[in-house]
1. Of all residues in the stretch 278-294, count the ones that are more than 19 Å from Ala632 (Cα to Cα) and surrounded by fewer than 16 Cβ atoms within 10 Å (Cβ to Cβ).
2. Determine, yes or no, whether Gln253 is surrounded by 18 or more Cβ atoms within 10 Å (Cβ to Cβ) and in contact (Cβ under 8 Å) with a residue 24 or more places away in the chain.
3. Among the residues of the stretch 530-540, are any in contact (Cβ under 8 Å) with a residue 24 or more places away in the chain and touching a Lys or Arg at 6+ places or on another chain (Cβ under 9 Å)?
4. Among the residues of the stretch 444-452, are any farther than 21 Å from Val605 by Cα and either of a type in the set (S, T, N, Q) or in contact with a Lys or Arg (Cβ under 9 Å, 6 or more places away or on another chain) (or both)?
5. Here are some residues: Lys143, Lys191, Lys196. Which one is within 28 Å of the chain's Cα centre (by Cα) and either surrounded by 15 or more Cβ atoms within 10 Å (Cβ to Cβ) or assigned to a helix (DSSP H, G or I) (or both)?
6. If only one of Thr457, Thr415, Thr391 is free of Cβ contacts under 8 Å to residues at least 60 places away in the same chain, surrounded by fewer than 19 Cβ atoms within 10 Å (Cβ to Cβ) and more than 26 Å from the chain's Cα centre (by Cα), which one is it?
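The values are calculated or read from the model by the stated rules, or taken from the named source; none is laboratory data. From a predicted model like this one, the values you see are computed outputs, not experimental measurements. Note that each Cβ is placed from the backbone with ideal geometry, even for glycine, and that neighbours are counted across all protein chains shown.
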Amino acid sequence: MRFPALLVLITMLNPALAATNQDADFIAARDAFRAGDSAKLDRMAKKLKHSPLEPYVAYYQLRIQLETVPAHAIQEFLARPDDTPLINRLRAEWLRLLGKRQQWDEFSAQFPRLVGEETDLTCYALRSRQSLQAEQVLHEARKLWTSNNADLPENCAPLLDAAIASGIISETDIWLRLRHALEEGNLTLAKQLSGKLPANRALSSSDLDSAATDPIAYLGAAPLDNAPEAQRFVALFALQRLAKQSPQLAYLQWESKAAYFTKEEQGYFYGWLAYEAARKRDARALEWYQAAGSTPLNPQQLAWRTRTSLLAQNWREVQLSIDAMTPQQQREGVWRYWKARALKAQGNLATANELFSQLSSEHNFYGQLASEEIGTDTRAAIPTGYQPGKTEINEMLARPAIQRTLALYRMNLRTDAFREWAWASRKLDDKQLLVAAEIARRNGMYDYAINTADRTTQVHDFNLRYLAPYRETLQDHIRHNELDEAWVYGLIRQESRFAYQAKSPVGATGLMQIMPATAKWIAQKIGIKSFRQSLANQLDTHFRLGTYYMKTVLSSFDNNPLLASAAYNAGPSRASKWRGDTLLEGAVYAENIPFDETRNYVKKVMSNTMYYSQLFGHPPSTLKQRLGVIAAKTTVVNAQTLSDER
């Protein structure tokens, strides 16, 4: 599509003005779409006809009248060569309408072209084949049902009912899914599934409600002597709920009731009791895991069996727990590292070093630790070599998808910009990813740059993967608070990827993700008079508040950045509570953090810190040294005077 000569001339003479006018026209078109104003939308479409954003306006025009627009108009849009996620989005929306109308011929023609899986559309696709491949379709519906933890969309119900009626989905299938729903605390789904079982196996809805609301009261009133399976299972659910609150209370209830349950049910209970105990650092967790015997454990239970074995320094149990995992789970870097450590502790150095060597090539927390175990010089391994040239940059900038992303980002339409960028970069090779990352960096899209550079597999540039913007602004605050610059950058990278307008679901804002109440508290501490929240979003003030808080937390936690990172994310009282009863290796402390988010967070912050330290040319230190040794609870000053809400 060619720009008219006048438009080209205007763009060349004053590109900023052209961009401003284009942005204003596009926002007007978007507002017209949202308001359902087709006439205004059509007027704005004429103005944007030759803009890189034209596909969005064309999408708006079709979407606003999707139920009445002629099919050929939809088909023409779907056949466009534009590389934009909007085509796939409209295809999904049209498929949804075709499925609802049961127009299976057109649905079948379009569904294979859909990129990505959407469960409701998968069910429509199965239904489109049902008249021709009834039994095969029902088997596929069963597979979809058993592999999906959440309840399936409503349009899947006819398939599932047919599969149940035919016996393809068996009572055992329903029972297992019901059990999993209760393990996840999804009572609504559990009740729905129970209604599909024969009456003698169904669970009482009122009993489930009682067991969930007050498990102790339910267990005290429930008659278990010669109780049917359904009633015993509700009691197991109550015990599981109680174990989540307090393993000790659950065990006290269990002691008087264990004899009423089958051997399999006893093993099931011990598996969950041990899991909840491990997450709460209860010393009896390993004993209860052993009481579970040969009961199959799920991946989460096995992970915590391994973690509690680490706390006990029981390396044989660490190895046995990892060996009991599925091959897929064992391939995760965390378990390869700890298996190697277990083998090393038991004297099998050759096999341990082989695992360490394989893992050491990976650029992450456990790859770094593995490198240190075999003495690899990680400082020499940081790749920063590839630098895209002017030609590569210009070729990437010429892509309409990149132009659309830059325009959407400029207009602060971050969701659309993110989707466009992800779509545009999905098929790029390593060098192209680095070119795109460099363009993002030059446009201040630091989170896009980092995330894109992070995806390379063979050709890397850690100067892009570990960007360090705002160094001049940050330096004074870092020096004033006597902080490690690498740790500050490692934490900011994890908090926000340097996205200045980042805001968390709970209200934390800015690069360092500071909660409003914490910002106000810090402002009082450092003497900022007439503080208002808008000041916290000004870059210099934001860094002043954030670095002061980092220093405060660090000083409260033995000047240990691992502990301080945990406190920054989850709150000081929790970080303090997670200390052991004896000295803990830092990596063991990190691995036993019970919150998945915080456990992953501290590993990434500390891994980031290592890379920033090396890129900044700081004196060498190992990750293990930075993690340190964590003092026991009884030997430290209480840190709970700091708020758990930052």
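1. Residues meeting the conditions: 4.
2. Yes, satisfied.
3. yes
4. no
5. Lys143 is the lone residue from the list that is within 28 Å of the chain's Cα centre (by Cα) and either surrounded by 15 or more Cβ atoms within 10 Å (Cβ to Cβ) or assigned to a helix (DSSP H, G or I) (or both).
6. On inspection, the qualifying residue turns out to be Thr391.
Matching residues to (1) within 33 Å of the chain's Cα centre (by Cα); (2) of a type in the set (Ser, Thr, Tyr); (3) modelled with pLDDT of 95 or more:
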residue	(1), (2), (3)
Pro228	no, no, no
Leu239	yes, no, yes
Pro247	yes, no, yes
Tyr268	yes, yes, yes
Trp288	yes, no, yes
Trp304	yes, no, yes
Gln319	yes, no, yes
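Yes/no per residue for (1) touching a residue at least 24 places away in the same chain (Cβ under 8 Å); (2) closer than 18 Å to Leu491 by Cα:
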residue: Ala567; (1), (2): yes, yes
residue: Arg574; (1), (2): yes, no
residue: Trp578; (1), (2): yes, no
residue: Ala587; (1), (2): yes, yes
residue: Ala590; (1), (2): yes, yes
residue: Arg599; (1), (2): no, yes
residue: Asn608; (1), (2): yes, yes
residue: Leu615; (1), (2): yes, yes
